[in-house]
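Right, one structure below, let's go through it.
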């Protein structure tokens, strides 16, 4: 996924959006999302997310985006 994202960013994509709220993406480990965000950061791109559990437990998912994307220093 990182290689594909890198190619897309090089070809003009402005960033990555993850749908972590949706059942298919919920099991994605934070480390995987961080690796993808690092690719976006290398290109100066933007990372946007639909947070996990954004309705049921809003405080917990709010800490994830604050830590994962800031590690690779991409904009979100």
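The values are calculated or read from the model by the stated rules, or taken from the named source; none is laboratory data. Everything numeric here is computed off the predicted structure, so don't read it as measured data. Here the Cβ is made from the backbone with ideal geometry for all residues, glycine too, and neighbour counts use every protein chain on show.
Evaluate the following for residue 69: is it crowded, with 18+ Cβ neighbours inside 10 Å, in a loop (DSSP other than H, G, I, E, B) and at pLDDT below 90? Can you show your working first?
Numbers: crowded, with 18+ Cβ neighbours inside 10 Å: yes; in a loop (DSSP other than H, G, I, E, B): yes; at pLDDT below 90: yes.
Yes: the conditions hold for residue 69.
Can you tell me which residues in the range 29-46 are surrounded by 15 or more Cβ atoms within 10 Å (Cβ to Cβ) and in a loop (DSSP other than H, G, I, E, B)?
Result: 43, 45.
Would a scan of the range 11-25 turn up a residue that is surrounded by 15 or more Cβ atoms within 10 Å (Cβ to Cβ), out of contact with any helix residue (DSSP H, G or I) (no Cβ under 6 Å at 6 or more places or on another chain), part of a helix (DSSP H, G or I) and modelled with pLDDT of 95 or more?
Checked the range 11-25: no residue is surrounded by 15 or more Cβ atoms within 10 Å (Cβ to Cβ), out of contact with any helix residue (DSSP H, G or I) (no Cβ under 6 Å at 6 or more places or on another chain), part of a helix (DSSP H, G or I) and modelled with pLDDT of 95 or more.
Would you mind finding the one in 62, 8 that is assigned to a helix (DSSP H, G or I), modelled with pLDDT under 80, surrounded by 10 or more Cβ atoms within 10 Å (Cβ to Cβ) and out of contact with any strand residue (DSSP E or B) (no Cβ under 8 Å at 6 or more places or on another chain)?
Values: 8 fails: modelled with pLDDT under 80.
Sole residue among the options that is assigned to a helix (DSSP H, G or I), modelled with pLDDT under 80, surrounded by 10 or more Cβ atoms within 10 Å (Cβ to Cβ) and out of contact with any strand residue (DSSP E or B) (no Cβ under 8 Å at 6 or more places or on another chain): 62.
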